[in-house]
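Student: Could you have a look at this structure, given as structure tokens, before my questions?
The values are calculated or read from the model by the stated rules, or taken from the named source; none is laboratory data. What you see is a predicted model, and the numbers here were worked out from it, not measured in a lab. Ideal geometry is used to build each Cβ from the backbone, glycine not excepted, and the neighbour counts take in all protein chains shown.
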Amino acid sequence: MLMAEEHLEKKMVQKYADWFSKIRDGMKKAVVGQEVAVDAILKGVVSNAHVLIEGYPGVAKTLIMMSMATLTGCKYKRIQFTPDMLPSDITGIVSYSPEKGFYTVKGPIFTNFVLADEINRASAKVQSALLEAMQEHKVTLGTNTYEMERPFVVLATQNNIESLGVYPLPAAQLDRFMFKLNMGYPQVAEEKLILKRNITSSTFEALGVKPVITPEDILEVQKNVHKVYCTEEIEEYIVSLVRATRSHKEIGIPLGKYIDYGASPRASIALYVGAKANALIRGRTFVTPQDIKDVAHDVFRHRIALNYEGQAEQVKVDDITNEILDKVSVP
């Protein structure tokens, strides 16, 4: 029955699988390990969505994002966020000169990939400058509104070990990111390989990372990912998972007592589209419950807010997500 309901042709899926394989091979030239993070960022790009990465300094967060932009043939700009930044440092300004009159100077946000490095070092006022671009794919400067380039993806990193000079992202800002990833230290064998490659002293160009597809190819995949088939039972499963984050008592989640508030409807959309991207990347034209489970942690990680007791007990949202996945019936 699933086969009869397929919306994507298998030859298209095979073509995309070849593209994804080339991207993964290219990433391995620059990045050692971190396959889970690379896979999640690829899902974000395919889904036409934004990704937030949290991890220790030096674990290749920025390198991953630069490599992904290069391999997809996209333009990219890196913004190093600092406490003294202004919103106009990101979006641009309207200026005036006697010769030109009023004219617009566009900021670094006008590109395909925005690499927002240590986004939590900037104030909430500066962070909010990204909101319109992330949600509406447009930016207003003065009285004029400008469309963003396509594809447009914000890949942001977050410093998670310092409390001085950092500002937690507002909930409204966090909700615009489809995924939140946690990146840890490399394994022993991986770190040995990092030593041999001596990545820090090498130039990015010397790593041999070159475009393997075009921005137009990305736009094609983003258009067709929505054609991946999803049954009504899978859709009900998605809604049940999200509602469980808000009404944990109904299904008996022990760690639910630490939830301050649950996931928004954007989480439902993220699970729905993210699962389709997960299926497509794995060469399928239909969504399975496992696709939902594969993206659930990345979707819920920044959308389930802990109360004070949960923060004091250092409860992990991933553990709450595990309980929800265990309790909610799988179709």
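Student: Does Pro168 satisfy the condition of being touching a Cys at 6+ places or on another chain (Cβ under 8 Å) and either crowded, with 16+ Cβ neighbours inside 10 Å or over 17 Å from Met65 (Cβ atoms) (or both)? Spell out how you get there, then give the answer.
Tutor: On the way: touching a Cys at 6+ places or on another chain (Cβ under 8 Å): no; either crowded, with 16+ Cβ neighbours inside 10 Å or over 17 Å from Met65 (Cβ atoms) (or both): yes.
No: the conditions fail for Pro168.
Student: Scan segment 98-117 residue by residue and report those that are surrounded by fewer than 16 Cβ atoms within 10 Å (Cβ to Cβ) and not in a strand (DSSP E or B).
Tutor: Passing the criteria: Pro98, Glu99, Lys100.
Student: Within segment 236-272, can you find the residues that are hydrophobic (A, V, I, L, M, F, W, C), touching a helix residue (DSSP H, G or I) at 6+ places or on another chain (Cβ under 7 Å) and in a helix (DSSP H, G or I)?
Tutor: So the first thing to find is which residues in segment 236-272 are hydrophobic (A, V, I, L, M, F, W, C), and the list is 238-239, 241-242, 244, 251, 253, 255, 259, 263, 267, 269-271.
Retained after the next criterion (residues that are touching a helix residue (DSSP H, G or I) at 6+ places or on another chain (Cβ under 7 Å)): 238-239, 241-242, 244, 251, 253, 255, 259, 263, 267, 270-271.
Selection gives Ile238, Val239, Leu241, Val242, Ala244, Ile251, Leu255, Ala267, Ala270, Leu271.
Student: Among the numbered conditions (1) in contact with an Asp or Glu (Cβ under 9 Å, 6 or more places away or on another chain); (2) assigned to a helix (DSSP H, G or I), tell me where Val295 comes up short.
Tutor: Every listed condition holds for Val295 apart from (1).
Student: Same structure again: Could you check segment 260-302 and list, in sequence order, the residues that are in contact with a Gly (Cβ under 9 Å, 6 or more places away or on another chain) and over 15 Å from Leu325 (Cβ atoms)?
Tutor: Answer for segment 260-302, where residues must be in contact with a Gly (Cβ under 9 Å, 6 or more places away or on another chain) and over 15 Å from Leu325 (Cβ atoms): Asp260, Ala277.
Student: Further question on the same structure: Just checking: which of the strands (runs of 3 or more DSSP E) contained wholly in segment 122-235 hold 3 or more residues that are at pLDDT below 75?
Tutor: Of the strands (runs of 3 or more DSSP E) lying wholly inside segment 122-235, none has at least 3 residues that are at pLDDT below 75.
Student: While we're on this one: Which ones in segment 171-196 are among the small types (Gly, Ala, Ser) and exposed (fewer than 12 other Cβ atoms within 10 Å of the Cβ)? Spell out the reasoning first.
Tutor: Kept after step one, since they are among the small types (Gly, Ala, Ser), are these residues of segment 171-196: 171-172, 184, 189.
Scanning segment 171-196 gives a single hit, Ala189.
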